[in-house]
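Please treat every number below as a calculation from the coordinates, not as lab data. Only a predicted model underlies this, so the values are computations on that prediction, with no experimental measurement involved. Methodologically, a virtual Cβ is constructed for each residue, glycine included, from the backbone with ideal geometry; neighbour enumeration extends over all protein chains shown.
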Amino acid sequence: MSYGFSQQLKMELHKFIGNEFADGEYSFKLMENKLVPIKTKTRVLKDENGKIQIIELEQEHILPELKFVKSGSIAFSINYKDSILNLRPIEDSFAPIIRIDLSSTSAYLNDQSLSIIKKITVSDKENGFNSAWEGFQWRTVLPHGSSPIDPKLTLGKLNENGNLYIEIIWLEKGIPIHYRLLN
């Protein structure tokens, strides 16, 4: 059973899953973070007394901007039946089997239960996707010191282009793995 999740949000989750995850096979791009330099121009002029005046002096600064770039792909078979959504990797990959039980609003990465759920709304377009997006996130908090990470699953939809976003953080044979997937 998920904690602190209202009936209204449960209905929104059902609607989101029902509308966005149709049965079939889907390929998702595996995205990685990349810092991209951006060149800017600064306008500065100092007069003979050292006061700043309006005149143009071109100067280039390199400011990093976070972007997501494709580094591979993962195919999933998606099946939604009896209030259970299953996403199974089709090809050899480290991606876990994802299962979401809509009756309890719990999610599972392989056999790891993620029972803490919240709705996510990112209204600012200034992010790696250049898009506002909405979705849901499940996580679990493991006992202190038992794991280097707390497993997490995020499902979302980008407003700009309608792409689905899946973020998975989990342990595979003791190794922390972090996937960002975009269809």
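Compute the signed sum of charges (Lys and Arg +1, Asp and Glu -1) over the other residues within less than 10 Å, Cβ to Cβ, of Leu164.
0
Could you list Asp111, Asp23, Asp150 in order of exposure, starting from the residue whose Cβ has the fewest other Cβ atoms within 10 Å?
The most exposed by this proxy come first: Asp111, Asp23, Asp150.
Order these by the 10 Å Cβ neighbour count, fewest first: Ile84, Ile117.
Ile84, Ile117
Estimate the FRET efficiency between Ser103 and Tyr26 by the formula 1/(1 + (r/R0)^6), using the beta-carbon distance for r and 30 Å for R0, to the nearest 0.05.
Once rounded, the FRET efficiency stands at 0.80.
Counting other Cβ atoms within 10 Å, keep those with at most 12, restrict to DSSP loop, and tell me which GluC sites (Glu not before Pro) in region 80-183 are left.
Here the sparse-neighbourhood loop sites are Glu91, Glu126, Glu160.
Kindly put Lys157, Lys118 in sequence by how many other C-beta atoms sit within 10 Å of each C-beta, fewest to most.
Lys118, Lys157
Pairs Lys10/Lys119; Lys29/Lys173; Lys15/Lys70; Lys70/Lys173; Lys118/Lys173: which are spaced more than 18 Å apart, C-alpha to C-alpha?
Going by Cα-Cα distance, Lys29/Lys173; Lys15/Lys70; Lys70/Lys173; Lys118/Lys173 fall outside the 18 Å limit.
Once you have a ≥ b ≥ c as the square roots of the Cα gyration tensor eigenvalues for region 117-183, tell me rounded if a/c is under 1.5, and otherwise prolate or oblate according to whether a/b is larger than b/c.
Judged from the Cα gyration tensor, region 117-183 comes out prolate (a/c at least 1.5, a/b above b/c).
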